[in-house]
């Protein structure tokens, strides 16, 4: 591997609590009359993209917003269930901005930037205010004030929620803010469009090429800056809690134009999902982490116990999270809960027909609080569980198992959320910035909206105020070249005329990723993956079959384009996992664990971000490094005991 | 809700079903379109309805035929992307359930299932089972928002809201914008969709200043886009996967008349 560069996250100087405020003062402003001269492209309309598009257009920028769905309201943020964190301290239980910052840094296993995480905690309260002002119907107490609940990785109740549909309500808030700006003619929305190329002029990101998913046309879009808010890459595993259309292609196009991809090995396996039922399985469904507030996780004490749960007496059950982690119990962070479920299943104590599940039991909660209370809290989740499994969780404990859910890695960005390509900004799950090696529950919604409502509206102006832009339009040769590249790739895929569908390749990739780059990783397995993935990629380019035409709706072509990118990204994920010889958060290297099977970090050698640089299809990428400096928190072995 | 019968086991294959499908095929918006028959011989009761279509599509690709285009995304009942008239019912036979959450155990071995796209003037077919629902976005842009910019609003708890109203607003806000209400209505009316959004804001103190304009503009846009009128058949409520109540239509009508009176006074 070539020796990488040291890169700078551009964290402002000064005391942690003052950095953002001081930075906002130091940044250049664009005056209101000039803002309307700038055009900004926003790709993705989830919480990050939607909130950014709305907020930037309110400031006066011209905004073009793009989504692959038939409406911006359908972005996958909509599926987030549990809630959004903020340190309002309404319950008076000792919360503060500092505690939210501390919990998030610790939850991320000390692999995120202090300054970014502090800023996130700092603006979180404004997000709640903003959403309430938009008419988001958060849960409330009888006195009319907002309700809070607790979530994994925290000992305070700081999570705001709207039943089990918090993501939906926050997204509809951001979407309605966008629609308000559409009404005013300040945002133009392009639906059913997929970004297939990033366009750069004189080293700056200036536009994109999209494929119109209805007509197949390749379209050129020019602007002064490009914002990617295109979500995570969990579908590299094929089975995940992501939507079927969620993909990494926009981010991957940027990577191949020189944007660094940071920490691709940091993936989050969510502990409470409905287990796989058969080969036909197309996706996995998450059961909100909020269920762990009342549900108790257990397995039989005896290996291979095939009795029904109701036939296993209390004394023969192992409530292993409560036993191992008495102070956090069932509310340990996600990575810890997932790994422990896997350990139980590996030990032969898993339940259900496959043995790849553990119980999440509400019997005690129903006894304590009554059926009606539990129904009011979780009714919609229980109904969803029953629809999928045909079992009633009020009577029979839920069967749950970990599933790929969120990716902490993503395109590298500096403190201003700009990638190393000038003019290319990356927001939300698509960037790598705030969750380190593990994201805490109810923090994704917080980060997406923080980036879009409160960070980018400040930092984008500073970019325009400090950079000059080459006058250009879509006639520029960069557009012709990018369009030709996209066209060439599409034709190549169409002309393979092999025998295997894109889904078949995707499923094969998913199995490799889950086995070798999943919950437990080791050197031997990762080397195996690094052989198998390129071999599968070769097979893909030789034996793929794409039916249909290029100038019509073509679902097979859409899938093929995305799978082609996952086949490259999967390899980078394995490569990054192999290079990071420590365990941290969701990245568990079996060679690096404590005697109690907890993740063991190697702070001397790995307190850094790995930012991978593309060097060509036939060359290994370079691993650049951003050192992480901790001036305010002390690195400790995470303990939830 | 589903019954609590014995759990199907995938391994033994004994429960696998034969299903005949009659599916609407239409090459593009201009094509006339027609029904076509398909046969599946080993459908597992644990498959979701869309996973059953995935299996059919894999078969079609294997035969070098064009797979069936249908809208879907989250597959957990919340994004509102999936649609389908299944045996004449929007989202199929299970109450309060989107197509993606419908499972094949609701059907029997030997069943014939007819699958068509949403039918409405305002939702033109784009290909096979995919339709263009951008009319809903246009209605939202006509007034489905609170006119407040990102900035520094007052503290969230400075605006107490009675729990009852917050809950009713949430009931209305749960709409996923799938369009089942329009597809199931003989007039292709969008009153339940619009009523739900108008109700959410009518029940909350936020956005009261623009309430009269909101309801007038949203209703006008709905009419302009070719959605029909409500004749109180309540098919929309029966087919709604999120159980949105038609009382929201009544609330919208009250808002509408109040706005009209205000304009005339």
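Rule-based calculations on the coordinates, nothing more; no lab input. This is a predicted model, so every value here is computed, not measured. For neighbour counting, all protein chains shown are included, and Cβ atoms are generated from backbone atoms with ideal geometry for every residue, glycine included.
Kirkwood analysis of region A:397-454, using all unique Cα-Cα pairs, places the hydrodynamic radius at 12.6 Å. Averaging the sequence gap over all C-alpha pairs within less than 8 Å and six or more residues apart, then dividing by the number of residues, gives region A:478-627 a relative contact order of 22 percent. Using only the alpha-carbon atoms, how far is helix A:97-107 inclined from the longest principal axis of chain A? Give it as 0 to 90 degrees, nearest 10. Result, in degrees: 80. I'd like the FRET efficiency for residue A:597 and residue B:167, computed as 1/(1 + (r/R0)^6) with the beta carbon distance as r and R0 of 30 Å, rounded to 0.05. The pair residue A:597/residue B:167 has a calculated efficiency of 0.10. Exposure proxy ranking for A:480, A:636, A:267, B:150, based on other Cβ atoms within 10 angstrom of each Cβ and starting from the fewest, stands as A:636, A:480, B:150, A:267.
Calculated on the alpha-carbon coordinates, the convex hull of region A:270-404 measures out at 107 cubic angstrom per residue. Using only Cα atoms and rounding to the nearest 10 degrees, what angle (0 to 90) does helix B:211-224 make with the longest principal axis of chain B? The answer is roughly 40 degrees. Between residue A:354 and residue A:625, what FRET efficiency follows from the Cβ-Cβ distance if R0 is 35 Å, with the result rounded to 0.05? It comes to 0.30.
Dividing the convex hull volume of the alpha-carbon atoms in region B:17-116 by its residue count gives 101 Å³ per residue. For region A:447-595, the gyration tensor built on C-alpha atoms gives an oblate shape. Its axis ratio a/c (a ≥ b ≥ c) is at least 1.5, and a/b is not larger than b/c. Our note on the geometry: Cα centres of region B:84-153 and region A:613-631, 44 Å apart. Result for chain B in a Gaussian network model with C-alpha springs under 10 Å: among B:245, B:134, B:48, the largest mean-square fluctuation is at B:134. For the pair residue B:58 and residue B:233, the difference between a 0.36 nm per residue extended length and the Cα-Cα distance amounts to 59.0 nm.
Computed over chain A, relative contact order equals 21 percent, with contacts defined as Cα pairs under 8 Å that lie 6+ residues apart. Once you reduce region A:515-558 and region A:347-374 to the center of their Cα atoms, the two points are 36 Å from each other. Taking one quarter of the surface of the C-alpha convex hull of chain B gives a mean projected area of 18.0 nm². Taken over the Cα atoms of chain A, the convex hull encloses 151 Å³ per residue.
Approximating the spin labels as points 7 Å out from Cα along Cα→Cβ, the residue A:523-to-residue B:186 distance works out to 7.5 nm. When every Cα-Cα distance of region B:203-265 is counted in 10 angstrom steps from zero, the calculated P(r) takes the values 18, 45, 33, 4, 0 percent. Note on region A:172-290: Cα Rg divided by 2.2 N^0.38 Å, N the number of residues, gives 1.30.
Take each residue in A:411-422, count the other chain C-beta atoms within 10 Å of its C-beta, and the mean is 0. Taking chain B as a Gaussian network, Cα atoms linked when under 10 Å apart, which of B:112, B:98, B:81 shows the biggest mean-square fluctuation? So, out of B:112, B:98, B:81, the one fluctuating most is B:112. Considering helices alone, the calculated mean residue ellipticity of chain A at 222 nm is -11500 deg cm²/dmol, with DSSP H runs of length four and up weighted by -39500 (n - 2.57) and normalised per residue.
Ellipticity at 222 nm from helices only: DSSP H runs of n ≥ 4 in chain B, each -39500 (n - 2.57), divided by the residue count, give -10000 deg cm²/dmol. Dividing the Cα radius of gyration of region A:1-105 by its Kirkwood radius returns 1.05 for Rg/Rh. Working from Cα pairs under 8 Å separated by at least six residues, relative contact order for region A:291-330 is 49 percent. Averaging the Cα positions of each part gives two centres, and for region A:52-104 and region A:298-329 these lie 37 Å apart. With r defined as the distance between the Cβ atoms of residue A:473 and residue A:33 and R0 fixed at 22 Å, what FRET efficiency is calculated, to the nearest 0.05? So, using R0 = 22 Å, E works out to roughly 0.50.
Radius of gyration over Kirkwood radius for region A:109-202, both on Cα atoms: the Rg/Rh ratio is 1.08. The radius of gyration of the Cα set in region A:575-624, together with its Dmax, comes out at 13.0, 42 angstrom. Springs between Cα atoms under 10 Å define the GNM used for chain B, and in it the highest mean-square fluctuation of B:126, B:34, B:89 occurs at B:34. Using 0.36 nm per residue of separation minus the Cα-Cα distance, give me the extension gain between residue B:32 and residue B:121 in nm, one decimal. In short, 30.6 nm is gained. Among B:116, A:17, sorting on how many other beta-carbon atoms sit within 10 Å of each Cβ, with the fewest leading, yields A:17, B:116. Taking label points 7 Å from Cα along the Cα-to-Cβ direction, residue A:590 and residue A:549 give a separation of 5.2 nm.
Relative to the current alpha-carbon distance between residue B:253 and residue B:87, full extension at 0.36 nm per residue lengthens the span by 56.5 nm. Between the helical axis of B:191-202 and the longest alpha-carbon principal axis of chain B there is an angle of about 40 degrees.
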